[in-house]
Amino acid sequence: MIYTCTMNAAIDMYVEVDEMKPNAVNRTNDEDYQANGKGINVSIMLKKLGIESTALGFIAGFTGAYIEDFLSESGIQSDFVYADGTTRINVFINAESEYKIVNQGPHIKVSEQEALLNGIKAIPGGSTLVVSGSLPRGVPESVIVEIAEVCKMNNVKLVLDTSVSSVWDTLTYEPYLLKPNEEELANLYHQTRKLTEQEIIKYGKDLLKRGAQHVIVSRGKEGSIYVSKERLLKATSPQGTVVNTACSGDTMLAAFMAKKQQHESLENALKYASAVGASTAFSRGLSNLKDIAALQKEVNVYQMKEEIT
């Protein structure tokens, strides 16, 4: 069973305008509202791919109730901790450029954090837990390390897709998979410029030496690089008109996990994941998967020459 954990859930509002003008009423041409948060996106995409999951995390207020109702109506199990306040609403505006307005969300009490950790402790051994996204107010970065320790103790595969710096301290507990994007990987190593492919490989190998079992670095239109002790692979990405980059990495991760659970080869899993991630980037929300067959034809996956030592 796969569990996802979204500590800073959201409703994402997507709007389209011809031009974003200051000090004016900007009327939209189109709009959409979606239950969101990185782990929630993973659960939604897994469901579309025929894989069951249970969504964990914090929700609050009427917006949190909307998320819970949406997941229930979609046939996705959830076991959220209810917090005081209101789950945030983020706004993504597609105009002459893409604008992203991301709110903070509720402040989470210590008792609410303890309730979530107790839920994670109850996850059966042999399961997979995906912890994705940012932390809400009140939650210290050390919670990620606590979760890693629990997963190690209880034989739960931990997948991390978060930008918090405490990822370093989880490595001693050997997380199953890290999925940083290129910018997050650079930040981990205190780099402020765009990384070269060789640097991505170097840092990916370093994460393996420190304890990670697998690493996938998502690179947007440049595809992704997969690093393990046995394999070093690069997947290209289909090219198209980008509408929304906010959820592309989440759907890529979900697609990769789904195909691996369905016992596809590593190459096929990466190819499919790249197509699904691109399809989401070309869509207003999460991919509806209708264009995946065509997009897969544009993806190449190949072994890179660099040896892993």
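The values are calculated or read from the model by the stated rules, or taken from the named source; none is laboratory data. The structure presented is a predicted model; accordingly, all values stated were derived computationally and were not measured. For neighbour counting, all protein chains shown are included, and Cβ atoms are generated from backbone atoms with ideal geometry for every residue, glycine included.
Summary of computed values
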item	result
Helices (runs of 4 or more DSSP H) wholly inside segment 216-297 that include at least 1 residues being within 22 Å of Gly37 (Cα to Cα) and within 14 Å of the chain's Cα centre (by Cα)	248-261, 266-281
Residue within segment 97-108 that is surrounded by fewer than 19 Cβ atoms within 10 Å (Cβ to Cβ) and closer than 14 Å to Thr4 by Cα present	no
Members of segment 202-250 found to be of a type in the set (Ser, Thr, Tyr) and in contact with a Phe, Trp or Tyr (Cβ under 7 Å, 6 or more places away or on another chain), listed by number	Tyr203, Thr241
Given (1) over 21 Å from Leu178 (Cβ atoms); (2) in contact (Cβ under 8 Å) with a residue 12 or more places away in the chain; (3) among the basic types (Lys, Arg), index of the condition Lys297 fails	(2)
Pairs, first under 14 Å from Val130 (Cα atoms) in segment 48-65, second assigned to a helix (DSSP H, G or I) and charged (D, E, K, R), C-beta under 8 Å, six or more apart	Ser53/Lys47
Residues within segment 54-86 that are in a helix (DSSP H, G or I) and among the charged types (D, E, K, R), tallied	3
Residue list for segment 175-210, restricted to those being modelled with pLDDT of 95 or more, in contact with a helix residue (DSSP H, G or I) (Cβ under 7 Å, 6 or more places away or on another chain) and among the aromatic types (Phe, Trp, Tyr)	Tyr203
Search result, residues across segment 122-155 that are closer than 18 Å to Ala55 by Cα, touching a residue at least 24 places away in the same chain (Cβ under 8 Å) and loosely packed, with under 14 Cβ neighbours inside 10 Å	Pro124, Gly125, Gly126
Residue among Ser228, Ser218, Ser287, Ser274 that alone is touching a helix residue (DSSP H, G or I) at 6+ places or on another chain (Cβ under 6 Å), crowded, with 18+ Cβ neighbours inside 10 Å and under 23 Å from Leu195 (Cα atoms)	Ser218
Filtered residues of segment 14-46 (kept if surrounded by fewer than 21 Cβ atoms within 10 Å (Cβ to Cβ) and among the hydrophobic types (A, V, I, L, M, F, W, C))	Val15, Val17, Met20, Ala24, Val25
Flag if Asp206 is closer than 18 Å to Ile147 by Cβ and either over 19 Å from the mean Cα position of the chain (by Cα) or polar (S, T, N, Q) (or both)	no
Condition check for Ala55: farther than 21 Å from Asn181 by Cβ and either touching a strand residue (DSSP E or B) at 6+ places or on another chain (Cβ under 7 Å) or among the polar types (S, T, N, Q) (or both)	yes
Filter pass, Met20 being part of a loop (DSSP other than H, G, I, E, B), at pLDDT below 95 and touching a Phe, Trp or Tyr at 6+ places or on another chain (Cβ under 9 Å)	yes
From the options Ile51, Ile40, Ile44, Ile11, residue that is of a type in the set (A, V, I, L, M, F, W, C), part of a loop (DSSP other than H, G, I, E, B) and within 20 Å of Gly249 (Cβ to Cβ)	Ile51
Subset of segment 164-188 that is hydroxyl-bearing (Ser, Thr, Tyr) and surrounded by fewer than 16 Cβ atoms within 10 Å (Cβ to Cβ) - its residue that is nearest to the chain's Cα centre (by Cα)	Ser165
